[in-house]
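Only one structure is covered here, and it is reproduced in the block below.
The values are calculated or read from the model by the stated rules, or taken from the named source; none is laboratory data. None of these values were measured; they are calculated from a predicted model. All Cβ positions, glycine included, derive from the backbone under ideal geometry; neighbour counts span all protein chains shown. Ligands, DNA and RNA are excluded from the accessible area calculation, which covers all protein heavy atoms including side chains. Shrake-Rupley method; radii C 1.70, N 1.55, O 1.52, S 1.80 Å.
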Amino acid sequence: MTALVQRYGGALTGIIIALTAFWLLAMVILPNLILLEFSFRPYIPVDQMGGPNDHYTLANYATFFTSPIHLQIFGLTVFYSSVVTLICLVLAYPLAYFLAKVSTPRNAGTWFLLLLIPLWVSEVLRSFAWSIILAYQGPLNAALHGLGLIDKGIRWRTGFNGVLIGLVYTYVLFMVFPIYNAIQSLDTNQIEAAQDLGAPLWRIHWRVVIPHAKPGIGSGCIMVFMLSAGSILVPSILGSTTSRWFTEIIQQWFFESVDWNTGSAYAFLLLVLCTVFVSLMMRMLNVRLVDIAR
Amino acid sequence: MRPFSLGRLIITAYMVLFIVYLLAPLVVMGGAAVNNSRFPSIYPWVGLTGRWFGELWSDQQMWRALLNTVLVAVAVVVLSVPIGTAAALLINSVQSRMRSTLYGLMVAPILTPGAVIGISTILFWNKLSVPAGLHLSVLGQSSFISAYAMLLVLARLQSLDASLEEAALDLGASHAQVMRRIVVPHLYPAFGAAAVIAFFQSVENFNVTLFTGGNSSTLTVYVFSQVRAGITPKINALALIMVLITVVGVILYEVKRRQSERRLKVEQEDTLEDDVIEGLGLPQLTSPA
Amino acid sequence: MSEDVQLSHVCVDFGAFRAVDDVDLTIRAGEFFSFLGPSGCGKTTILRMISGFIEPTSGEIKIGGQNMRGIGPNKRPTALIFQNLALFPLMTVWENIAFGLEVRGVSKDKRKARAEELLRVVDLVGSGDKRISQLSGGQKQRVAIARALAVEPKVMLLDEPLSALDLKLRQHMRSELRAIQKRTDVTFVYITHDQGEALAMSDRVAVMSAGVLQQVGTPADIYNQPANGFVASFVGENNRVPGKVVGLENGMARFHTPAGLFLARLGPGIQVGSTAKLYVRPENARLTDAVEGDNNVPLRISEVAFEGSFINIHGHDAGGHAHIVQMRNDRDASVPAVGDQRGLTFSPEHAVVLADAGARP
């Protein structure tokens, strides 16, 4: 703090601290504490608030842990988010390597611009686009049929298929960029040295490139998992009758049951899930917070 | 140039395929905007039409949503760029232990699902008797967009040689003068980048807005309700317009980049190159948290 | 125009580490004064303390008799030239030079006129509208000097500003700095680890080690009359022979070592019975064919290095310690061959017995 005053003087330091404090307190810490507090309060009519029934309770969490359906949806959300993360990793790694080490920096710039176009188009529209493509009477089936690859249309949007396709498409770029950043910082001489020593391609990647890219892989996985598990748009637009996503349950509590307390408990569980995943990744892949979202 | 190799060919082909995979859905969506079919699709192709644009044009709801979106986005920029700058200045000057705690707190909103941010925001302000509405969307969105602004400004700040600030002080400048003449001019590119990112993050945001917006809707919320409820290609018309704006923007950017690259060669100034590369790196931060 | 800088018993602690330990000296008005020492010796801390970026933990600093405690760097009559020069990259040359005037509210016309004047002083007329990135290393150097002069400082502080330049330019800038100092009559406080710079430019030099002032004196004093072993070895080259003072003879020390008995001057603080080292500079040492007797270190020649105007003869004594003898490159000099046995000898007044660096001399 003294360093700050020495550097920017008293008045500016005051403004700097006030703005940061407003952000961290009023927009980050306190709202999350309130969320936590809310999740431990009973869902009761307004006139009973402050009355004898208004005491802390675990009932909202009990609702979740005693509901096999909700537990299952939670489990499936975790499972399919992990699957999405894995698919994105497999798709993104060669791209990141290509951009960082194969193409020239000048061309990489152009490739990046092309990659970025979909990012500027909103998530809701991208999901919508896939709902058009995957329709039973849609262009994908028509094209496959026209090519003589299929006799009759395929129902693409069964189970979690639609959601998986949509999530991968929407979030794969969040895997490409961190891995690209990580690989880019690898000295090309190391790759060439490994080649020179006669290492086969897979071994160069396994022993040289991937270990170096670990923090990037970690932060990519964190972003993709968090975004997938927390996605509302993709599951509601591309889901099927049998695919339910945990965020949809949270929405239900808020907008259909108007039970904000139980909704808060469920939202808090989602937060816990993401926090657990983040710390797991940070530990497993040696990611530091500084590496994330660079 | 490196010699031809099969591996290079395969990986380049993969890159091209991937770009096709990324762009094809946008083409399909755009195509459906000009197909004279009641359903949004390019198949079967019925015929070229502009009527969906007309319908979009006369949709009052859309215009209101658009206006709301712009208002919210501008407010988010106005709020999150100063906050992010203050936070970056702070974190840049504090010492190690406190620094990592603060840094963790500051990037946490990026790693928090949007639904959680939206819900906690509305609960907190409801407690203070502030009703739901676009103002809460602004606060909710800014909570994580400020983190992006902080990261962008911090990256730029770290490239500011601390001895420049000291030199200015030593020459007699007051702290405010150092800020105005040395620090702020150095941060200008980061301000620009942060403002652009903040604006588009806000425009794209759905999760936070859904929970905080109350009865008002922004463009994404409006599109979502349209997509869920009715099947009308006017949304495709909207999408096509957005894609075209993006593509034009991208082309302009690329032209500018090539120009500055050429200028770069002439001037042999390495500082410009940093700006170009930094500019390219920016969009990687966009996340619809 | 210029002012004294007085450091009274100044100490600086960074946590448990004492960076500057009881430094007490006065830099006189109009003097070119250098702090010389290896990196980490505390010289930069002293400079930053005088300029106001660090406050002393104890002791006080006075400039022109005025106590500087609590006065920020922007309020002190000093101007600092940074090691990396710290020119503002987003401003033009003249804006850089006039920055100190700008923040004092001087009007643009006057600022520009003064900048032009200073550009003339540092021989950069016509470069005012250039960008910093368009300047060469030496030109940047001059802009930094002009920028510092613009605020008419009483004391100019320079933090190794020549270290980034190549050898030729460095030597040229040495004399230029010296000339500017004499012309402007501003007190210059110069920080360097390069003894050549310190000796060539300064009126007086302070040698520092581990936060402690080892010796303050004119360049000739420092070189010819080092106060202790640290100064003797850090400034210039010296051959060392460890031993013990066993008696006095005509004011000279009788110094007993494994290689025999030596006669040398008595350094400050050395008494009969002191364990110390004998120092003799390579250019004051001679080689003889005799390999025993007083004032004689028997050597086995290990290397003969031809340096142009002189020849450095390297050899090892019986204990394996390295020694150097410098010979003039005379036509008739008898240069030994590698492997030869010779004796290193010298006249007693050219050698001195010194204690190692004192923690507090």
Whole number please: convex hull volume per residue, Cα atoms of the stretch C:229-354, in Å³. 104 Å³
Run the simple label-point estimate for A:Asn53 and C:Leu90 please: 7 Å along Cα→C-beta, distance reported in nm. 6.1 nm
Considering protein heavy atoms only and a 1.4 Å probe radius, which residues within the stretch B:31-68 exhibit an accessible-area decrease of no less than 40 Å² in the full assembly relative to the chain by itself? B:Tyr43
Chain B: spread of alpha-carbon positions along the three principal axes, whole Å, largest first, is 74, 68, 33
Most fluctuating residue given options A:Val28, A:Val102, A:Val276, as computed from a GNM of chain A linking Cα atoms under 10 Å: A:Val28
Helix-only [θ] at 222 nm, chain B, -39500 (n - 2.57) per DSSP H run of 4+, per residue, nearest 500, equals -25000 deg cm²/dmol
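Taking 37 °C and 0.692 mPa s as the conditions, I'd like the Stokes-Einstein D for chain C in µm²/s, using the Kirkwood hydrodynamic radius from alpha carbon pairs.
For the chosen part, D equals 144 µm²/s.
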Listed residues A:Ser257, A:Ser81, A:Ser279; largest mean-square fluctuation, Gaussian network over chain A with Cα springs below 10 Å, found at A:Ser257
What are the radius of gyration and Dmax of the protein assembly as shown, computed over its Cα atoms and given in Å? 37.0, 121
Local electrostatic count at A:Asp54 - Lys and Arg +1, Asp and Glu -1, tallied over other residues with Cβ under 13 Å: -1
List the DSSP H helices in chain A whose Cα atoms stretch 24 Å or more along the helix axis and whose mean Kyte-Doolittle hydropathy is at least -1.0. A:68-97, A:210-229, A:260-285
For C:Thr218, residues with placed amide H under 5 Å, excluding near neighbours: C:Val205
Under 16 Å by backbone N from the virtual spin label 7 Å along Cα-to-Cβ at B:Leu128, the residues of the stretch A:1-32 are A:18-32
Suppose R0 equals 25 Å. What FRET efficiency, 1/(1 + (r/R0)^6) with r the Cβ-Cβ distance, do C:Ala200 and C:Arg240 give to the nearest 0.05? 0.45
In whole Hz and in residue order, list the ³J(HN,Hα) couplings for the stretch B:147-154 that follow from phi through the Karplus curve 6.51 cos²θ - 1.76 cosθ + 1.60, θ = phi - 60°; x for Gly and Pro. 5, 5, 4, 4, 4, 5, 5, 4
Sequence of A:Asp151, C:Asp129, C:Asp21, C:Asp221 when ordered by accessible area, the most exposed leading, probe 1.4 angstrom: A:Asp151, C:Asp129, C:Asp221, C:Asp21
With the full set of protein chains present, the residues of the stretch A:123-162 whose 1.4 Å probe accessible area falls by 10 Å² or more relative to the chain alone are A:Glu123, A:Val124, A:Leu125, A:Arg126, A:Phe128, A:Ala129, A:Trp130, A:Ile132, A:Ile133, A:Gln137, A:Pro139, A:Ala142
What does DSSP give for the stretch C:5-224 in terms of the percent of beta bridges that are antiparallel, rounded to the nearest 5? 55 percent
Sorted largest first, extent of chain A alpha carbons per principal axis (Å): 76, 72, 31
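Could you order C:Arg111, C:Arg18, A:Arg288, A:Arg126 by accessible surface area, starting with the largest, using a probe radius of 1.4 Å?
Details: C:Arg111 40, C:Arg18 90, A:Arg288 140, A:Arg126 5 Å².
Correct descending sequence by accessible area is A:Arg288, C:Arg18, C:Arg111, A:Arg126.
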Surface per residue (accessible, 1.4 Å probe) for the protein assembly as shown, Å²: 44 Å²
Cα-centre dipole for the protein assembly as shown with unit charges at Cβ (Lys and Arg positive, Asp and Glu negative), debye to 20: 1920 debye
Let's see if you can work this out: charge +1 on each Lys and Arg Cβ, -1 on each Asp and Glu Cβ, no other charges. What is the dipole magnitude of the stretch A:61-292 about its Cα centre, in debye to the nearest 20? 300 debye
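Rounded to the nearest 5, what is the percent of antiparallel bridges among the DSSP beta bridges in the protein assembly as shown? Present the calculation step by step, with values, prior to reporting the outcome.
Details: 62 of 82 bridges.
Just about 75 percent of them are antiparallel.
What do you reckon, how do A:Phe65, B:Phe211 stack up by accessible area (1.4 Å probe), largest on top?
Working: A:Phe65 120, B:Phe211 15 Å².
The residues order as A:Phe65, B:Phe211, largest area first.
Dipole size in debye (nearest 20) for chain C around its Cα centre, Lys and Arg Cβ +1, Asp and Glu Cβ -1?
Details: 40 positive and 40 negative charges, 242 e Å.
I would put it at about 1160 debye.
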Share of accessible surface on carbon and sulfur in the protein assembly as shown, whole %, 1.4 Å probe and ligands ignored, is 60 percent
Taking H placed 1.01 Å from N in the peptide plane, check which residues at least 5 places from C:Glu237 or on another chain put their amide H under 5 Å from its amide H. none
For the stretch B:6-49, take every pair of Cα atoms, bin their distances at 5 Å starting from 0, and report each bin as a whole percent. 5, 24, 18, 12, 10, 10, 9, 7, 3, 1
So, taking all protein chains as they sit and a 1.4 Å probe, how much accessible area belongs to C:Glu237, in Å² rounded to tens? 110 Å²
Estimated distance in nm for a label pair at C:Arg120 and B:Ala24, the labels positioned 7 Å out from Cα along Cα-to-Cβ: 7.5 nm
Name the residues of the stretch B:114-132 whose accessible area falls by at least 40 Å² when all protein chains are present instead of the chain alone, probe 1.4 Å? B:Val116, B:Ile119, B:Ser120, B:Leu123, B:Phe124, B:Lys127
Quick one: go through the stretch C:302-322 and flag any residue whose amide nitrogen is under 19 Å from the point 7 Å out along the Cα-to-Cβ line of C:Val291. C:302-304, C:313-322
In square angstrom and rounded to 100, what buried accessible area do you get between chains B and A, total over both, with the probe at 1.4 Å? 9100 Å²
Would you check the accessible area of A:Tyr61, probe 1.4 Å, heavy atoms only, in square angstrom rounded to 10? 30 Å²
Among A:Arg155, A:Arg283, A:Arg106, whose mean-square fluctuation peaks in a Gaussian network model of chain A (Cα, cutoff 10 Å)? A:Arg106
With θ set to phi - 60°, apply the Karplus curve 6.51 cos²θ - 1.76 cosθ + 1.60 along the stretch B:21-37 and write out the HN-Hα couplings as whole Hz, x wherever there is a Gly or Pro. 4, 6, 8, 3, x, 5, 5, 4, 5, x, x, 4, 6, 10, 8, 7, 10
Heavy atoms of the protein only, probe of 1.4 Å, neighbouring chains included. What is the accessible area of B:Arg99 in Å², nearest 10? 70 Å²
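Between chains C and B, what is the buried accessible area summed over both chains (1.4 Å probe, protein heavy atoms, nearest 100 Å²)?
Values: alone 16800 and 17980 Å², together 32950 Å².
Separately minus together, C and B give about 1800 Å² buried.
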With each label point set 7 Å from Cα along the Cα-Cβ vector, what nm distance links B:Val46 and A:Val5? 7.3 nm
